[in-house]
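The numbers here are math on the coordinates, done by the rules we state, and not lab data. These numbers come from a predicted model, not from an experiment. So basically every Cβ, Gly included, is an ideal-geometry build from the backbone, and we count neighbours across all protein chains shown.
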2 protein chains.
Amino acid sequence: MARSRKRTRLPNRREIIIKAAGRLFREKGYEGTTVRDLAEAVKLQSGSLFFHFDTKEEILVALLEDGLRRAVAILDRRLANAMTPREKLSAILHGHLEAILDEERDAFYVVLRDWRTLSPASRKKVIALRDEYESHISSALEELSDTGLIPRNTRLFRLFLLGALNWTVQWYKPDGDLTIGQLADGFLDLVAPDRLNTDQNRK
Amino acid sequence: MARSRKRTRLPNRREIIIKAAGRLFREKGYEGTTVRDLAEAVKLQSGSLFFHFDTKEEILVALLEDGLRRAVAILDRRLANAMTPREKLSAILHGHLEAILDEERDAFYVVLRDWRTLSPASRKKVIALRDEYESHISSALEELSDTGLIPRNTRLFRLFLLGALNWTVQWYKPDGDLTIGQLADGFLDLVAPDRLNTDQNRK
DNA sequence: GTCTATAGGTAGATAGAC
DNA sequence: GTCTATCTACCTATAGAC
């Protein structure tokens, strides 16, 4: 206890493996990535991975669970700071896009594509987390439905808005000409135009 | 030549295999589906498949190419019949959703998830077709940008709208309470409200 | 904790009979 | 065109030395 104080907690091997798995699974798919690929990425022999995880699937589950849990935290932090209806809508867009495009990018992409390969037990756990994340967004949107800020057909609007947001994982490039914040603001202006800022409405 | 006249062209074995592959690849993924699975689905032995296709990947490519080509045709037919700006926008929504949720459902789902597993040569061909399909939508939207029907930031609007539409493949259930036509009309009303039909705007 | 070596299983693809 | 039989390669996972 007295010996040494950790300044920045170094990621342990397990976390390093999960992070590398996230990148590889996103790039080549879970089934397209072999444990040898993963071992090479973290400079181990393939057998050594099985000291840290019992199975390959356990690595996938760890990636998805960690990622989804952190995403909920990111979103909730944004929502907690939002007061007006428009701020809340903005928080949903910024928080969600930040989670899926930046911080937990790999986990979101992989869970979307590869959740079907999970065993029933793992699938249940992961899908429950995914549903929980989405329920935070849905209930926040539900609150807005009476303010007049969003259309009255909440279900269809929710499907439309979340679809547009979720699809960004397919095309958004972090090194492109659009920051995540700009994208969120741009989308916000499409669904709830700020009438004070009329530049974009003038012809 | 004189012997018999085909009334309805029976799908030949090759087409039967492609169709079964579409269902299996969508359900279990391309890599998660073995040639033995596919052979069983069409009541053949696994070796017999290789009389019709040289490799497993060739089956995937055939599925995607056929599907994307037909999708372009579906969309263009809809667009050709549309006159007013709002009809054109409606044609985009109806045509696109019909293509990806009904007629070429399997191909769209699979190309989205599994295109990365294709060899570079096959990938190039398939992506070119995908781009061509999308360009038909994009240019139709571009035409609408001067009519005032859609927002002036066409790029962001296009990304937003196509994202919402494309994402429907993730959640739309053909046997649910929403027909594809109803979905298209509902989305149309969100992006370009019909002011004559004010029921939905009244509070 | 990581290594080497390999077991045990299954994948895509081929050969040749019919 | 389809079958049976099988090849080769590679996969996940394990065993035991260090």
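Just to check your reading of the model, which residue among A:E87, A:E57 is of a type in the set (D, E), within 13 Å of DNA strand D (Cβ to nearest atom) and more than 14 Å from A:Y133 (Cβ to Cβ)?
Values: A:E87 fails: within 13 Å of DNA strand D (Cβ to nearest atom).
Matching residue, one of A:E87, A:E57: A:E57.
Just to verify a result, which residue in region A:11-30, among those that are surrounded by fewer than 17 Cβ atoms within 10 Å (Cβ to Cβ) and within 14 Å of chain B (Cβ to nearest Cβ), is nearest to DNA strand D (Cβ to nearest atom)? Walk me through how you get there before you give the answer.
Just the residues of region A:11-30 that are surrounded by fewer than 17 Cβ atoms within 10 Å (Cβ to Cβ), to begin with: A:11-16, A:19, A:23, A:27-28.
If we keep only those that are within 14 Å of chain B (Cβ to nearest Cβ) as well, we get A:23, A:27-28.
Details: A:R23: 16, A:E27: 15, A:K28: 10 Å.
Ranking the candidates gives A:K28 first.
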*Just need a number here: residues in region B:30-59 that are under 26 Å from A:R116 (Cα atoms), within 6 Å of DNA strand C (Cβ to nearest atom) and among the aromatic types (F, W, Y).*
0
_Pairs please, first residue from region B:127-144 and at positive phi and in a helix (DSSP H, G or I), second anywhere and of a type in the set (K, R) and surrounded by 13 or more Cβ atoms within 10 Å (Cβ to Cβ), Cβ atoms under 9 Å, 6+ apart in sequence or on different chains._
none
*With the condition kept exactly as written, say whether any residue in region B:171-178 is within 14 Å of another protein chain (Cβ to nearest Cβ) and in a helix (DSSP H, G or I).*
yes
*Answer yes or no: is there a residue in region A:113-121 that is farther than 23 Å from B:Y109 by Cβ and more than 14 Å from chain B (Cβ to nearest Cβ).*
yes
*Say we look at region A:60-84 and pick out the residues that are hydrophobic (A, V, I, L, M, F, W, C) and more than 30 Å from A:L149 (Cβ to Cβ); which of these is farthest from DNA strand D (Cβ to nearest atom)?*
A:L64
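If you check B:R36 against the conditions, is it within 14 Å of another protein chain (Cβ to nearest Cβ) and either within 16 Å of DNA strand D (Cβ to nearest atom) or touching a strand residue (DSSP E or B) at 6+ places or on another chain (Cβ under 8 Å) (or both)?
Working: within 14 Å of another protein chain (Cβ to nearest Cβ): no; either within 16 Å of DNA strand D (Cβ to nearest atom) or touching a strand residue (DSSP E or B) at 6+ places or on another chain (Cβ under 8 Å) (or both): yes.
When the stated conditions are applied, B:R36 does not pass them.
Going through A:R26, A:R36, A:R116 one at a time, which residue ends up being more than 30 Å from A:S139 (Cα to Cα) and out of contact with any Lys or Arg (no Cβ under 6 Å at 6 or more places or on another chain)? Quick ask: steps written out before the conclusion?
On the way: A:R26 fails: more than 30 Å from A:S139 (Cα to Cα); A:R116 fails: more than 30 Å from A:S139 (Cα to Cα).
Result: A:R36 is the single residue among A:R26, A:R36, A:R116 that is more than 30 Å from A:S139 (Cα to Cα) and out of contact with any Lys or Arg (no Cβ under 6 Å at 6 or more places or on another chain).
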_For A:D146, only one of the following conditions fails: (1) surrounded by 16 or more Cβ atoms within 10 Å (Cβ to Cβ); (2) more than 18 Å from the chain's Cα centre (by Cα); (3) among the charged types (D, E, K, R). What is its number?_
(1)
*Among the numbered criteria (1) closer than 24 Å to A:G186 by Cα; (2) of a type outside the set (V, I, T); (3) surrounded by 18 or more Cβ atoms within 10 Å (Cβ to Cβ), which single criterion is violated by B:D189?*
(3)
